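Data first, discussion second: the structure below is written as structure tokens.
The values are calculated or read from the model by the stated rules, or taken from the named source; none is laboratory data. What you see is a predicted model, and the numbers here were worked out from it, not measured in a lab. Ligands, DNA and RNA are stripped out before the accessible areas are found, and what is left, the full protein with its side chains, is counted by its heavy atoms. Shrake-Rupley method; radii C 1.70, N 1.55, O 1.52, S 1.80 Å.
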Amino acid sequence: MKNVLKSMLFIIAVFFISNIATAQKTNQKAVIKTVLNCDHCKECGSCGLKFKTEMLKIKGVKMYELDDKAMTFTIYYNSKKTDLQAIKVAISKLGYDADEIKADPTAYENLDGCCKA
């Protein structure tokens, strides 16, 4: 009876450890270069609010950080739900460059004047 109980506990432990390892593989981090034309993007009524509401609506994005000095987004995402290319396209549709993908022209035109070059 003790051997059966030990075996069951061992199997459960292996199961949990493998699930944790798998979950860590699906969580990815990427740094995406962008261009910000204002010096107050985080506080800007349009940019800051757009970042806060729209970035987390991108499928698979769990969290993001905007470094307005370095002009980068650090994106934390679930690779089972999305990929980096899809995230870059979604950022482009918000009106911002995302690495090699240029901002969608229509979305860019809808940005406030302070956000445009």
Carbon and sulfur atoms account, in whole percent of the 1.4 Å probe accessible area of segment 24-117, for 52 percent
Among the Cα-Cα pairs of segment 60-115, the proportion with separation greater than 13 Å, in percent, is 63 percent
